1. Among the residues of the range B:19-36, write down those that are open to solvent by less than 10 Å² (accessible area, probe 1.4 Å) and more than 7 Å from every other protein chain (Cβ to nearest Cβ).
2. Looking only at residues that are within 14 Å of chain A (Cβ to nearest Cβ) and in contact with a Cys (Cβ under 9 Å, 6 or more places away or on another chain) in the range B:722-749, which one is farthest from A:ILE124 (Cα to Cα)?
3. Which one of the conditions (1) free of Cβ contacts under 8 Å to residues at least 40 places away in the same chain; (2) touching a strand residue (DSSP E or B) at 6+ places or on another chain (Cβ under 8 Å) does B:ALA425 fail to meet, given that it meets all the rest?
4. Inspect the range A:144-159 for any residue being part of a helix (DSSP H, G or I), in contact with a strand residue (DSSP E or B) (Cβ under 8 Å, 6 or more places away or on another chain), within 11 Å of chain B (Cβ to nearest Cβ) and in contact (Cβ under 8 Å) with a residue 12 or more places away in the chain and give the result as yes or no.
5. Tell me which strands (runs of 3 or more DSSP E) are completely within the range B:44-121 and hold 3 or more residues being open to solvent by 10 Å² or more (accessible area, probe 1.4 Å) and more than 18 Å from B:LYS266 (Cβ to Cβ), or say none if there are none.
6. Kindly indicate the residue of the range B:666-712 that is free of Cβ contacts under 8 Å to residues at least 40 places away in the same chain and more than 22 Å from the chain's Cα centre (by Cα) and also least open to solvent (accessible area, probe 1.4 Å) among those meeting that condition.
7. Give the number of residues within the range B:245-275 that are part of a helix (DSSP H, G or I) and within 14 Å of chain A (Cβ to nearest Cβ).
Amino acid sequence: MVNVTLTLNGEKTACTVLPDEKLLDTLRRLGRTDVKKGCGEGTCGSCSVLLNGRLVASCIVFTAAADGGEILTAAGLGTADNPHPIQSSFVKAGAVQCGFCTPGMVLAAKALLDVVPEPDVQQIKLALDGNLCRCTGYVKIIDAVQSAARTLAGKDEVPHA
Amino acid sequence: MSDTSRLNVIGRPLPRVDALEKVDGKARYVDDYRIEGLVHCAMTLSPHPHAEVLSIRTDEALAVPGVLGVFTAPDVPVNQIGCVFQDQPLLAAERVRFVGDRVALVVAKTRDIARKAAALVKVDYRPLPSVHDAEEALKDVAPKLHAQGNLLAHQKIRFGDAAACLAACDVVVEHEFEVNYQEHAYLEPQGALAVPEAGGGVTIAGSMQCPFYVQSGVARALGLDRNRVRVEQAVTGGGFGGKEEYPSEVAALAALAALATGRPAKLVFSRAEDFQISTKRHRMRMRYKVGADREGKLQAIYVTQFVDSGGYAGLSTVVAERANTTAAGPYFFPNAHVDTFIVYTNNLLGGAFRGFGNPQVTFAIEGMMERLAARLGMDPVELRRKNLLSEGMPLICGQALPPSAPSRDVLDTLAQRSDFDRLRAEALEFNRTHRFRRKGVGLALSMYGCCLHAGGQHLEGSGALVQVRADGSVEVNIGGTELGQGAFTVVAQIAAETLGADYARVRVLPTDTRMVADSGPTVASRTTIMSGNAVRAASLQIRSRLVELAASMLGCPSREVEVGNGAYRQVPVDPPALRPEVSASAPSPVTIDHPSSTISQANVRFPDLCMEAFRRKLHLAASGWYAPPPKPWDKDTGQGIAYSVYCFTGNVAVVEVDLIGGLVKVEKVFAVHDVGQVLNPVTLEGQVHGGIVQGMGWALSENLVLDKGRCLNPGFTDYLIPSSLDMPQMDATFVEEPYPDGPFGAKGIGEPSLISVPTAVALAAGDACGQLPDRLPVTPETVLRWTAKDGNGQ
């Protein structure tokens, strides 16, 4: 067993894990069910989290290797009462359907906008390529990322509704 | 009812009712349920496509620490399951009929332990010869899967005399088409939780489309009365048909584990299991013969098609019914002869998938139209226009096409919106100037019978429960489910519009068999119509009580009460004789048009009205029920009323083909849909975009590969569903001609969004290479074979 300390959505969390335990399983065991398991082999992106600011598929990251790391999940980004502008944009743009890819998708958007504040459509497509969505055809997700970029850059009027 | 300009909620791009809880990950999918004492299940699956089960030894698995039980066929109270035919064991006893047939269920403290122990269940098999092609399976020499033989069913259409007519036709075209499976690839895998209840019985929560199927399926397998099985839909991460019939099996397994161990039990599939053992879009082979006169007037169609059901029946006969009935597409044929054979094989289970047999036949009939046009030297779009069905014309099942049916508007809008002739000219010009890249354009139409086929009409009734609280907030329960498609959002809009309530304060609760009567399945693009009409019926009852109350509060006759914009207000109607449509007994669905001089300021806000209603002990709850009129059907001839209404769709796709690598890139897809009336443009567009991309996947990259019934690419690494980089530019246009029996005139959209997309994309790929495709998907290998043949790619 390995003792690991993670900073999980700003909260220091200590846990003991198996050497081969995956970060996704640890997070879900700790009650972070906002991180979803769609494939377990790093191909769908539903389990995306930010680890030290970088987007990773938590189902193929060993928890032990994340020791000391800072992890951000969708619930850490914002909540229904106090959503992050990216989350508000997803709601407003109609980018959410079944919602299973959504927590990972908003984090992929965050990872992009942290580095490229004003991405063009091709940059957004590239950034979301590892996050599969079977419902939306991606159009409104891309709209949402563009609109979030405008809001974050202070270029959007105050969102209504 | 058609004029939505006077509506406050309907037709507006309102945000989804369930979006906020999904963006922060709080929405609870089945695997997110945390519950005291929970145990986990895993399955032992057959590695053979066909084998006799000689013995099952469970001792080694039982000895694993943490294992609570290992269950096999004798533990299942009624081990004959199936949605239509009970031809399937929940756990196989003597014989396995496909790779993935279940033989044992292991229950353990953790999922890991359960999976490890499931691998230790020792099954002694005697492999039997297997059959992997539907037509081969019909031969005498083929191994028989079931006592009745391999022919599960034979469906027919007999309309006029197609054989005689074809013999006399000026032009006859004949061709064979074949389409492969498609995996739903919902992002959330199958899963169910079962909680044993005191006094017997079980509560199920799970990822599903059809709680009432799950209720009856679990009750049957476990020998329980249905009232002992409560089913609540968990938030469901996509369905697309894949969670229509299959979740009944998942839930029955979880329920078996729960009742046997006395603990809450959960079963969640791995992605690889989901690929191998859940249902797929049916593989089909279709032989078409079409005859026409020299002017291109269609005369006769003769179809022989084979539907590969896999090891068990599932919903195959129901899916096939749609392929059978709509085999001629949206075209008028005075003579038709269709034979649809539904056949058992040792392949994967065929089942419900968005379009439900229709995308397959659309590929065939549209391929025939292209071939016929080429033979006649006619423009293929002109040939389609010439033969397009319109309202009142007979379908091949003999039914007169009912309203609304704006088929011509759909085609004309598609041609204009896409500027089809220019697209074709541009592609030709591009191809003249490029050596290794080619552009192609494809157009396809489809006709989809909305809601259930006559054969399933006994399931068509649908209910809703609407309750208005004293503070003016509203709770809605429907029998339909939310899978991501937006059903809860549109029914909330319908309730808010009808009641005059605030949309943001309408809450649609998870679908629960305790709240609403059996409303049939959430399939067939029927939920907006069925649940929507039921919600409207319930809301209208409450509204008429509130109108009476408002009249007494405002001191006016109830016929002068107008509902809308969050209030009930008095609008003096004078003289009444000029406004015969306004009456208290039949509330108008829309606000009343009136000269501005008569507007009164007297009004009572909806929450105040509700509080007053509560004080006066009025009943502000109502259940609503909607069932369409009966549809007579003769299954021996395939003649009768097949569907209550039809949706027309057209797609144009533009692709670019890389002749060196064989890759097809879809650049643009146009979609035109006849939707009756737009209820929410955002959710509607969302359905269309999703349908386009899913349809495009089946046309090109989603190629499920089987080796003697074993899926060789059971994951997203090798089974390629489109990503953000694959999506084309999309353009969705809606033709609005209200459906008289739809809520506010609406029809369904879920399936039409996909149906003709694969064909348009495949035809475009073929067009780029000077070919007419007859296989789906059009893989790079196909393209390279095409181009090698005419020497283009060299």
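1. Result: B:VAL30, single match.
2. Within the range B:722-749, the first condition is being within 14 Å of chain A (Cβ to nearest Cβ), and the residues that meet it are B:722-732, B:749.
Of the ones still in play, those that are also in contact with a Cys (Cβ under 9 Å, 6 or more places away or on another chain) are B:723-724, B:749.
Details: B:SER723: 12, B:SER724: 8, B:ILE749: 28 Å.
Checked the range B:722-749; the qualifying residue farthest from A:ILE124 (Cα to Cα) is B:ILE749.
3. With (1) free of Cβ contacts under 8 Å to residues at least 40 places away in the same chain; (2) touching a strand residue (DSSP E or B) at 6+ places or on another chain (Cβ under 8 Å) applied to B:ALA425, the lone miss is (2).
4. At the first step, the residues of the range A:144-159 found to be part of a helix (DSSP H, G or I) are A:144-152.
Still in the list and also in contact with a strand residue (DSSP E or B) (Cβ under 8 Å, 6 or more places away or on another chain): none.
No, every residue in the range A:144-159 fails to be part of a helix (DSSP H, G or I), in contact with a strand residue (DSSP E or B) (Cβ under 8 Å, 6 or more places away or on another chain), within 11 Å of chain B (Cβ to nearest Cβ) and in contact (Cβ under 8 Å) with a residue 12 or more places away in the chain.
5. Working: elements: B:51-57, B:67-71, B:102-108.
Output list reads B:51-57.
6. Narrowing the range B:666-712 to residues free of Cβ contacts under 8 Å to residues at least 40 places away in the same chain: B:693, B:705, B:707, B:712.
With the extra rule that they be more than 22 Å from the chain's Cα centre (by Cα), the set shrinks to B:705, B:707, B:712.
On the way: B:VAL705: 59, B:ASP707: 88, B:LEU712: 96 Å².
Here the residue is B:VAL705.
7. 5
Rundown of residues vs (1) in a helix (DSSP H, G or I); (2) open to solvent by 70 Å² or more (accessible area, probe 1.4 Å); (3) at pLDDT 95 or above, yes/no style:
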| site | (1), (2), (3) |
| --- | --- |
| B:VAL573 | no, no, no |
| B:SER585 | no, yes, no |
| B:ILE592 | no, no, no |
| B:SER597 | yes, yes, no |
| B:SER600 | no, no, no |
| B:GLU612 | yes, no, yes |
| B:GLY624 | no, no, yes |
| B:PRO629 | no, yes, yes |
| B:THR637 | no, no, yes |
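The values are calculated or read from the model by the stated rules, or taken from the named source; none is laboratory data. Remember, it's a predicted structure, so these values are computed and weren't measured experimentally. Neighbour counts are summed over all protein chains in view; Cβ atoms, including those assigned to glycine, are modelled from backbone coordinates with ideal geometry. These accessible areas exclude ligands, DNA and RNA; they are computed on the full protein's heavy atoms, side chains included. Shrake-Rupley method; radii C 1.70, N 1.55, O 1.52, S 1.80 Å.
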